[in-house]
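The numbers here are math on the coordinates, done by the rules we state, and not lab data. The structure displayed is predicted, hence computed values, not measured ones. We place every Cβ from the backbone using ideal geometry, glycine too, and count neighbours over all the protein chains shown.
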Amino acid sequence: MELICICCPLGCRINIEKNAEGFDVRGNSCPRGKQYAIAEMTAPTRMVTSSVLVSGGKEKMLSLKTDKPIAKSLIFDALATLKGVVVAAPVNEGDVIKADVLGTGVNFIATRSIEKA
Amino acid sequence: MDKRNVVIIGGGPAGLAAAIGAYEAGERDILILEREPKLGGILNQCIHNGFGLHTFKEELTGPEYANRFIRKVKELGIEYKLETTVISFDKNKVITAVNEKDGLIKIQAKAVVLCCGCRERPRGGINIAGCRSAGIYSAGTAQKLVNIEGYMPGKEIVILGSGDIGLIMARRMTFEGAKVKACVELMPYSSGLNRNIVQCLKDFDIPLLFSHTVVDIKGEGRVKSVVIAEVDEKLVPKMETAREITCDTLLLSVGLIPENELAKQAGVELSPVTNGATVDDRMMTNLDGVFECGNVLHVHDLVDFVSEESELAGKCAAKYVIGGGFEADGGTKVETYGGVRYCVPQIIEHNDDYEPFPLKMRVSNVFRNVYLRVYADGQLVAQKKKQISTPGEMETISLKAEQVEALRKAKEIKVGLEENK
């Protein structure tokens, strides 16, 4: 599999294949690239950010993020849990909006405060 | 007429950091003027993460990054006026602004820091042929619609340009259920960050087509399709490669232009390369007591560097007021060569009791295995080895005290790119 490394602006094209001992990594220019490629092959994770509607607030939308990275394969299922969610103002930055998303222990938290209208 | 010491025009990341910088340098009479109903500027709509890695050593979202600065401005008791638009500004530092509460206000400032940011290049700025139908947005407008207004601009999207905002919006629209069919880039390389190409396009199998452009937009009333074609080395479309992609929305992420209308009005000298002011190492423009920093000066990739630069500008504005002005010594112009398009600051003053500063620059093409070098009167003062240097990433050379001193003494300063032989 070919990956573009994101560790630095070089953006090495890394070839990674599974072999008997683990992984055969080629094309990386540094150890960080190897680590990145192996993580991408074994357990890739991403921070997910999105937004939900607010009722009774000074603003219409509340922005959210996962408080920890979640498995890349769960991104769309995690986003689906936010469908139809409407949060009543006031909201404080850091408030948990959706706890324990898909049983992962990761929460969606507010990234801004919204006052009551 | 109201009299103020330091007036900061713009309450985005640059204005907030400039205000804090001025306060920390000892100035207390500071006023921020912001046209939007809240502080924070464009960060408010940048709800994705990746901000603050340099400043706070953690990954924040745009609103969180802005809030750290907003909280500090409030804690320090720095005054600000919201929904206040500056309509004119002159070389004597008289500012005219309007808002609903005060009506028309005139302020005589001792120092002004221009922190007006930049705006997106619109469709008219790149001359795309085709229908003038609905469904054509700049990427930042789409970002505002989705993240602030809660409104989806379309379902099937093509993005022209691979700037960071376009890439971020490819992912954002995908998250909200849209289908992003392609991201089309005129150049053979992206002007966006690698991280964004991987995590916003590759993660969702969105094709990125280099050396391609949009040659026609079809659809009456609403966009129905766009025609894309490959371009040759001279960036001229090869019409035999043209193909149609059905979509209802075209997003443009084709560059940012510093917003210097006020600066021009006052007679601030602009650089034809950056479209921002020409500044010395104190971030002061050719007008005495008028400073400029952040994206209005030159477009940055990372907000962290906007904050750093603006804090310096704020500090220098405060020093200017407290010291009763700067002694003009002309300084030495920084010349660039060999693939370095520009360097900020453009002038380095001879006087040596100002703040330390870095040199920031952009290159004109993708270069591999090169050195960025700084010479003072022909002597190598600083260098940085780069395995790769691209137009999409701003390069910074930090300077130690003795390096700054060498530059201050120099009659000739050159910054450029050399092959590693």
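Subtracting the Cα-Cα distance of B:Lys409 and B:Ile245 from their residue separation scaled by 0.36 nm leaves 53.2 nm. For the pair the stretch A:21-40 and the stretch B:53-71, the centres of their Cα atoms are 31 angstrom apart. Over chain A, Cα pairs under 8 Å with separation of 6+ residues give a relative contact order of 20 percent.
Put a plus charge on the Cβ of each Lys and Arg, a minus charge on the Cβ of each Asp and Glu, and nothing anywhere else: the dipole of chain B about its Cα centre is then about 600 debye. Each residue, B:Glu58 and A:Arg26, gets one label point 7 Å from its Cα in the Cβ direction; the gap between the two is 4.2 nm. Could you tell me the calculated FRET efficiency between B:Glu261 and B:Asn127, based on Cβ-Cβ distance and R0 = 22 angstrom, to the nearest 0.05? After rounding to 0.05, the efficiency reads 0.50.
Starting from the Cα of B:Phe210, step 7 Å toward the Cβ, then list every residue of the stretch A:1-44 with an amide N under 19 Å from that point. What the label zone holds, given the 19 Å backbone N cut-off, is A:2-15, A:27-29. Counting lysine pairs in the stretch B:329-421 that sit 8 or more residues apart in sequence, or on different chains, and whose Cα atoms lie under 21 Å apart gives 25.
Computed from label points 7 Å out along Cα-Cβ, the spacing between B:Met1 and B:Glu419 is 5.8 nm. In order along the stretch B:57-72, phi translates into HN-Hα couplings of 6, 9, 8, 10, 8, x, x, 5, 4, 4, 4, 4, 6, 5, 4, 5 Hz, rounded to whole numbers, per the Karplus curve 6.51 cos²θ - 1.76 cosθ + 1.60 with θ = phi - 60° and x for Gly and Pro.
Compute the long axis of helix B:164-175 from its Cα atoms, compare it with the longest principal axis of the Cα atoms of chain B, and write down the angle in degrees, 0 to 90, nearest 10. The helix B:164-175 is inclined about 50 degrees to chain B. For the pair B:Val94 and B:Lys202, what calculated FRET efficiency results from E = 1/(1 + (r/R0)^6), where r is the Cβ-Cβ distance and R0 = 41 Å, to the nearest 0.05? The computed FRET efficiency comes out at 0.20.
Quickly estimate the mean residue ellipticity at 222 nm for chain B, helices only: each DSSP H run with n ≥ 4 gives -39500 (n - 2.57), and the total goes over all residues, rounded to 500. Show your work: numbers first, answer last.
On the way: 7 runs with 79 residues, N = 421.
So the helix-based figure for chain B works out to -5500 deg cm²/dmol.
Here A:Glu2 and B:Glu355 are evaluated by their C-beta separation; at R0 = 35 Å the FRET efficiency comes out at 0.15.
Antiparallel versus total DSSP beta bridges in chain B: what percent is that, nearest 5?
On the way: 53 of 90 bridges.
Among the beta bridges of chain B, antiparallel pairing accounts for roughly 60 percent.
Kindly work out what percent of the DSSP beta bridges joining two residues of the protein assembly as shown are antiparallel, to the nearest 5. Within the protein assembly as shown, antiparallel bridges account for around 65 percent of the total. You can think of it this way: the chain between B:Glu269 and B:Arg368 has 32.3 nm of extra reach, that is 0.36 nm per residue less the Cα-Cα gap. Among all the lysines, which ones have a C-alpha under 16 Å from A:Lys72's C-alpha, if same-chain residues fewer than 8 places away are not counted? Result set, ordered by chain and number: B:Lys202. Taking 7 Å steps out from each Cα toward its Cβ at A:Met41 and A:Lys58 produces label points 5.2 nm apart. Seen from B:Ala129, the other residues with C-beta closer than 13 Å to its C-beta sum to a net charge of +2, counting Lys and Arg as +1 and Asp and Glu as -1.
Please give the per residue volume of the convex hull enclosing the alpha carbon atoms of the stretch A:2-42, rounded to a whole number of Å³. Display every interim value, and only then the final one.
On the way: hull volume 2.3 nm³, N = 41.
Looking at the stretch A:2-42, the number lands at 56 Å³ per residue.
Please compute the net charge surrounding B:Leu399, taking Lys and Arg as +1 and Asp and Glu as -1 over other residues with Cβ under 12 Å from its Cβ. Taking every other residue near B:Leu399 into account, the sum is 0. Taking amide H as placed 1.01 Å from N in the peptide plane, B:Leu209 has its amide H under 5 Å from the amide H of B:Cys183, B:Val184, B:Glu185, each at least 5 places away in sequence or on another chain.
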